[in-house]
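Written out below as structure tokens is the structure these notes cover.
The values are calculated or read from the model by the stated rules, or taken from the named source; none is laboratory data. What you see is a predicted model, and the numbers here were worked out from it, not measured in a lab. Cβ placement follows ideal geometry from the backbone for every residue including glycine, while neighbour counts extend to all protein chains displayed.
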Amino acid sequence: MNGHASPGTIISFQGVTKQYEGDAAVLKNVSFEIERGKFYTLLGPSGCGKTTILRLIAGFTVPTKGEIYFDGKLINHVPANKRQVNTVFQDYALFPHLNVFENIAFGLRIKKLKQAEIKEKVLEALRFVNLAGYENREINEMSGGQRQRVAIARAIVNRPEIILLDEPLSALDLKLRTEMQVELRELQRRLGITFIFVTHDQEEALAMSDEIFVLNEGKIQQSGTPTDIYDEPINRFVADFIGESNIVDGRMTADFLVAFAGKSFTCVDQGLQPNEPVDIVIRPEDLEITRPGEGKLEVRVETQLFRGVHYEIQCADEAGNRWLVHSTRKAEVGEAIGLTFDPEAIHVMRLNETEEEFDKRLEAYI
Ligand SMILES: Nc1ncnc2c1ncn2[C@@H]1O[C@H](COP(=O)(O)OP(=O)(O)O)[C@@H](O)[C@H]1O
Ligand SMILES: [Mg+2]
């Protein structure tokens, strides 16, 4: 049986639903394809189903409905130890009574590899994670970041086809976390193994991924490259979750004309129903401050924070909408200013549009 997959596809979910006994479904009819050799991120708030997707891929649980394919072969009921998949868990799950070498060698010993081969593979895996020379250390002598690397070495030592990483960086402090993001990304490129990485941190997802799947309430909201998703969020949830956004209610007056905040604006969108209600997103960095009376919107400054590179200015227009502005210009609290923006900065989002319809609509513009 073939999963109708394109040639580069390694994992394919088709209409996968997962429901635990007596509970509502935690994954609802989820379909996606994972291509070999890329870095994927599952991004979404806590409880949206990210870990459940990893557990289904790893074979720790089975779908209630739908099919999972690996290399075009149905694997719904293939046991975890028969899948070419390894997992790096959030708490690393290292064996505290074994040293670094034996932690990494564990799976190889179960497979009954020869000692010389085990040694060669373990030392190579340690070199890959920049821990050459640490093989005889005890786990409790290693720092958080080093333990993280041991867990990764253990996952790559078997050269699986896919590595699943479930929020592996969330226990690290910010500086180490940023370093590990770069390291993991480089490691994935050098190994060429498919990585499926889970995080609830949008900046991490944007920085690391080839492809991001944004999840909410058991459904994939949007999938695409970091720039696709950042530049063209499909709906209010994605716009709000990825980066900071101004989101207001609007109405499409006609092709290339949209109304919000009590005014009409030229936009780049077309093909919607006349007077169709829409959500409007404008990114804070796309708003520019003008002198009062010279902007497209007239606002009053409510708060201002200096963020090191830019000012974060919160304003309100006469219709009562709040606008967040990132600007290198300073403004005074209480000051009346104008805001201007390009037609391209207005993102028009139809309510309840599917990803397919959304993609089609975007393609029509280009
Ligand atoms: N074994 C289980 N039994 C019942 N409910 C579960 C089980 N595992 C997870 N869930 C529920 O499924 C939902 C999704 O969980 P999970 O996939 O762990 O989310 P995430 O990793 O995105 O935080 C949550 O509401 C969680 O409580
Ligand atoms: Mg989880």
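Annotations
- Matching residues in region 77-88 - criterion: being within 16 Å of ligand 1 (Cβ to nearest atom) and surrounded by fewer than 21 Cβ atoms within 10 Å (Cβ to Cβ): ALA80
- Verdict on ILE104 being more than 16 Å from ligand 2 (Cβ to nearest atom), within 30 Å of ILE11 (Cβ to Cβ) and either at pLDDT 95 or above or in contact with a His (Cβ under 9 Å, 6 or more places away or on another chain) (or both): yes
- Meets criteria (farther than 17 Å from VAL281 by Cα, at pLDDT 95 or above and surrounded by 12 or more Cβ atoms within 10 Å (Cβ to Cβ)) for VAL325: no
- Subset of region 140-169 (residues that are farther than 21 Å from VAL85 by Cβ and either touching a Pro at 6+ places or on another chain (Cβ under 6 Å) or small (Gly, Ala, Ser) (or both)): SER143, GLY144, GLY145
- Checking each residue in region 108-126 for being part of a helix (DSSP H, G or I) and surrounded by 12 or more Cβ atoms within 10 Å (Cβ to Cβ) picks out LEU108, ILE118, LYS119, GLU120, LYS121, VAL122, LEU123, GLU124, ALA125, LEU126.
Conditions (1) more than 16 Å from ligand 1 (Cβ to nearest atom); (2) among the β-branched types (Val, Ile, Thr); (3) touching a residue at least 24 places away in the same chain (Cβ under 8 Å), marked per residue:
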position: PHE13; (1), (2), (3): no, no, yes
position: THR17; (1), (2), (3): no, yes, yes
position: ILE34; (1), (2), (3): yes, yes, yes
position: ILE75; (1), (2), (3): yes, yes, no
position: GLN90; (1), (2), (3): no, no, yes
position: LEU98; (1), (2), (3): yes, no, yes
position: LEU113; (1), (2), (3): yes, no, no
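- All positions within region 8-22 that are modelled with pLDDT under 95 and within 16 Å of ligand 2 (Cβ to nearest atom): TYR20
For (1) surrounded by fewer than 17 Cβ atoms within 10 Å (Cβ to Cβ); (2) among the hydrophobic types (A, V, I, L, M, F, W, C); (3) touching a His at 6+ places or on another chain (Cβ under 9 Å), each residue gets a yes or a no:
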{"position": "GLN222", "(1), (2), (3)": "no, no, no"}
{"position": "THR225", "(1), (2), (3)": "yes, no, no"}
{"position": "ASP228", "(1), (2), (3)": "yes, no, no"}
{"position": "ILE234", "(1), (2), (3)": "no, yes, no"}
{"position": "ILE242", "(1), (2), (3)": "no, yes, no"}
{"position": "MET252", "(1), (2), (3)": "no, yes, no"}
{"position": "VAL258", "(1), (2), (3)": "no, yes, no"}
{"position": "SER264", "(1), (2), (3)": "yes, no, no"}
{"position": "GLY271", "(1), (2), (3)": "yes, no, no"}
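- Annotation for region 232-250: no member residue is free of Cβ contacts under 8 Å to residues at least 12 places away in the same chain, small (Gly, Ala, Ser) and touching a strand residue (DSSP E or B) at 6+ places or on another chain (Cβ under 9 Å).
Conditions (1) of a type outside the set (Val, Ile, Thr); (2) part of a loop (DSSP other than H, G, I, E, B); (3) without any contact (Cβ under 8 Å) to a residue 24 or more places away in the chain, marked per residue:
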position	(1), (2), (3)
VAL299	no, no, no
LEU305	yes, no, yes
GLY308	yes, yes, yes
GLU312	yes, no, no
CYS315	yes, no, no
GLY320	yes, yes, yes
VAL325	no, no, no
VAL333	no, yes, no
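- Here the strands (runs of 3 or more DSSP E) wholly within region 39-96 that include at least 2 residues being more than 16 Å from ligand 2 (Cβ to nearest atom) and at pLDDT 95 or above are 65-70.
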